[in-house]
Amino acid sequence: EPYIPKYIDVKYIEGSSDKRWSSLDFPWTKKLEANNKTIFGNRSFRPNQREVINATMSGHDVFVLMPTGGGKSLTYQLPAYICPGITLVISPLVSLIQDQIMHLSQANIPAAYLSANMEWTEQQEILRELCLDNCRYKLLYVTPEKVAKSDVLLRHLENLYSRQLLARIVIDEAHCVSQWGHDFRPDYQGLGILKQKFPETPVLALTATATSSVKEDVVQALGLVDCIIFRQSFNRPNLQYSVMPKTKKCLEDIDSFIKNHHRDDCGIIYCLSKMDCEKVAEKLKECGHKAAFYHGGVDPSERAYVQEQWSKDEINIICATVAFGMGINKPDVRFVIHHSLPKSIEGYHQECGRAGRDSQLSSCVLYYNYSDYIRVKHMLSQGALEQNSFASGYSRSSNTNHGRTLETNTENLLRMVSYCENDVDCRRFLQLVHFGEKFDSGSCGKTCDNCSKVQSFVEKDCTLIAKQLVELVKLVRQQFSATHILEVYRGSLNQFVKKHRHDSLSLHGAGKHLAKGEASRVLRHLVTEDFLFEDVKKSDAYGSVSSVVKVKESKAYNLCTGGQTIKLRFPTSTKSSKPGKNDATPAKDLLTSRKNSLPLGDVSAESQAEEDISAK
Ligand code: ADP
Ligand code: MG
Ligand code: ZN
């Protein structure tokens, strides 16, 4: 398999630390201040808003990573209002677009949208307006498939461009471009055409969730030039994170958790399947909560009704699939409970992010057991999981996982498993490393379950394991995933290992004697500390990607030549109440034996569990 390096030349400039962008001396500064108050009714700017606006209005391509609720819309709506011409906004969902247009019209800012399922005459009217010299609209919203499929639209954009009236192109929810994102939309990948056709128009890409590979994917796919990046910490200090063992009594646990900590508060319970949503809602109602369910099988008017009831606090608790939430802006959500394993850490972070928008303390509790992993994995492979939206504006095919490899999904899922099984490290730290952010666990202040545990630790010298892992990565020619490296190290003899003849490597099984999870903990450490890094590999001609572990020579050299030691803390007691004990699933023994493992991925055990389940 030839290795195709994908990101040779991605260039971007850190904007967040550049004082230039916070200057009050731009020609438009006064106008910004005034209109932010009068038109948008804001007293001031939030972090990075002014900076982003100054950079995009200076004509640069800009990439913005800002948490949900941070105020990304203002960074293009305010420039759109004060600049001549029209701002084109690509947004993934008609429902989101309609919501935006409603807000804009309340502020008397003329905006329109085009989508495929609109009456043709209505579309024509909008297109005709675009041709006018004094076109009313300041913003034109479209769904990505409209760009991909409508030549008529492109012609009108070309016309605007030639008259120098295409002021700015905005890609909202830009992570949808990337197969690494939790919400890949194939139509987003075609958006690179915009930069090709309109090279002089600045592009502004906005997202609340991007790991470094997602970020690079986006910059690459959109063809952004010397892009300036603005990002801020994704830590949400007012959210408290914990992972609880999911047992047969899960629903009772949820009920008493809510009664003890959040009586009458508003919250969301994320469930895996439609049926789960209904079951959980039913049970909570029996327990006296004002609960309802919400998923893709519920008809639109009923969904709208439930959402409205929830906004008005007539319903406190919504039991939903991830389809519920994108664009939801209720400030006082006090808890987000995951009834089963989320698909990825990014998705999880995003879903939790719907709690505590008002900065008040809120809880995020995840109920985990290992057999849910098998269940989610199975559903992923069947394409049976609901995506985080309802396909009102784009085609059915973009609503599935097609075009995205099962391998990628599994890798994302395994990281989530690893997060759940980790009973040592700070939850904030674990989440934030995925956004390329280093978080000092000391600043958690015991606001996650792991930090607030009274644990004693023993420090172990892991230098040898570290060296061997680095060596092994080199032995397999830096072409395999973290999951795979660990399997080989632990001596797995599965098909894949045999196929690639890794069982003949000198380090195959070198980590056999180690306690479960020890090797993966060291590997994770090597990645977070930059001795190793994860790179994206294009695995076939269709552009599907997977992650491979590589060696950062400059850092690893010291380690390999004995100039550096690696010490990690491990908990001494194993009295943790991790899943397994009360679990009556067929994979019980396996779960019990796994209770302290922290795999980056442990597929050998997983195939075993799958067998156990199917044998039942
Ligand atoms: P995002 O797209 O980043 O999730 P939005 O742009 O939807 O966030 O903004 C979230 C909320 O914050 C909106 O209700 C918006 O009106 C409000 N908001 C944005 N900027 C400001 C500001 N500078 N001051 C006060 N409120 C703001
Ligand atoms: Mg937004
Ligand atoms: Zn913590």
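Where a number appears in this text, it was derived from the coordinates with a stated rule and is not lab data. Bear in mind that the values here come from a model prediction, so they are computed numbers and not experimental data. Glycine gets a Cβ as well: all are built from the backbone with ideal geometry, and neighbour counts include every protein chain shown.
Quick rundown of the values:
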quantity	calculated
Gyration tensor verdict on segment 213-257 (Cα atoms; rounded if a/c is under 1.5, prolate if a/b is larger than b/c, oblate otherwise)	prolate
Cβ-based net charge around Arg43, under 14 Å, with every Lys or Arg adding one and every Asp or Glu removing one	+2
Prolate/oblate/rounded label for segment 9-152 (Cα gyration tensor, a/c 1.5)	prolate
Likely footprinting exposure, Ile97, Ile229, fewest C-beta neighbours within 10 Å first	Ile229, Ile97
Local electrostatic count, Val551, Cβ distance below 10 Å [Lys/Arg +1, Asp/Glu -1]	+2
Under 18 Å from the Cα of Lys330 - aspartates and glutamates, other chains or at least 8 residues apart	Asp99, Asp264, Asp265, Glu308, Asp313, Glu314, Glu351, Asp358
Model label zone, Gln106; criterion: amide N under 18 Å from point 7 Å along Cα-to-beta-carbon; scope segment 16-54	36-44
Of Lys438/Lys555; Lys474/Lys552; Lys343/Lys467; Lys215/Lys567, pairs whose Cα-Cα distance is over 21 Å	Lys343/Lys467; Lys215/Lys567
Local electrostatic count at His289 - Lys and Arg +1, Asp and Glu -1, tallied over other residues with Cβ under 15 Å	-3
Where Rh is the Kirkwood radius over Cα pairs, Rg/Rh for segment 205-285	1.16
Distribution of pairwise C-alpha distances over segment 237-322, 5 Å bins, in %	3, 14, 24, 27, 19, 10, 4, 0
Ranked Cys560, Cys444, criterion: other C-beta atoms within 10 Å, fewest first	Cys560, Cys444
Least to most buried among Trp28, Trp120 (fewest other Cβ within 10 Å first)	Trp120, Trp28
GluC sites (Glu not before Pro) restricted to segment 311-352 and DSSP loop, no more than 12 other C-beta within 10 Å	Glu314
Shape category assigned to segment 243-387 from the gyration tensor of Cα positions, a/c cut at 1.5	rounded
